[in-house]
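Data first, discussion second: the structure below is written as structure tokens.
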Amino acid sequence: MAINLKRLIKRMFREFLVYHHSSLEYRAKILTLMVSSDGEMDECEKQKLKEIAFEIYKDDPERAEVLIDTVTEYHKKIVTDNGLDYEHLILQVAKETRSVKRFADKIDIELLKKLHECIDDEDEDERIFQERIIEFLENLKKECGGK
């Protein structure tokens, strides 16, 4: 109970309580692009998201949990049309990457490809759409000087 309350408070006030919250939120937006591409988050994506978050923040499990919560929050906003839509998220990622060049280094294509593994083999349109998202992020990373 206390852990859930702590996570809730961190989620609500992450701008003030989470060190380098803008970096965490940027990563969450990139992951949300992959997870929300088909409008739903299935169990495979949830599991891969958890693995990715704990790989990114292997020394800080609380931060990994905040990342997962933030991706889930962004996904819910997109699905419920609550102040964020998918196209707007793409524009935000592009704008933030171009204005804060160091964010380009946070685009880890290999980690994003882990989420791409969750697509059903029969859903060719979704597979192609996610490949285009990965290409977009690769090009954005190159354009902004990411490593």
Filter pass, Val93 being at pLDDT 85 or above and open to solvent by 50 Å² or more (accessible area, probe 1.4 Å): no
Filtered residues of the stretch 111-142 (kept if open to solvent by less than 50 Å² (accessible area, probe 1.4 Å) and outside any helix (DSSP H, G or I)): Cys118, Ile119
Subset of the stretch 88-110 that is β-branched (Val, Ile, Thr) and in a helix (DSSP H, G or I) - its residue that is farthest from Ile133 (Cα to Cα): Thr97
Pair list, Cβ under 6 Å, 6 or more apart: the stretch 42-64 residue modelled with pLDDT under 95 and assigned to a helix (DSSP H, G or I), other residue surrounded by 14 or more Cβ atoms within 10 Å (Cβ to Cβ) and among the aromatic types (Phe, Trp, Tyr): Arg63/Tyr57; Ala64/Phe54; Ala64/Tyr57
Flag for Leu31 being part of a helix (DSSP H, G or I), of a type outside the set (Ser, Thr, Tyr) and at pLDDT 95 or above: yes
Search result, residues across the stretch 67-83 that are among the hydrophobic types (A, V, I, L, M, F, W, C) and more than 14 Å from the chain's Cα centre (by Cα): Val79
The stretch 71-85, subset farther than 17 Å from Leu112 by Cα, free of Cβ contacts under 8 Å to residues at least 60 places away in the same chain and in a helix (DSSP H, G or I), residue least open to solvent (accessible area, probe 1.4 Å): Ile78
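The values are calculated or read from the model by the stated rules, or taken from the named source; none is laboratory data. Here the structure is a predicted model, which is why all the values come from computation and not from measurement. Glycine gets a Cβ as well: all are built from the backbone with ideal geometry, and neighbour counts include every protein chain shown. These accessible areas exclude ligands, DNA and RNA; they are computed on the full protein's heavy atoms, side chains included. Shrake-Rupley method; radii C 1.70, N 1.55, O 1.52, S 1.80 Å.
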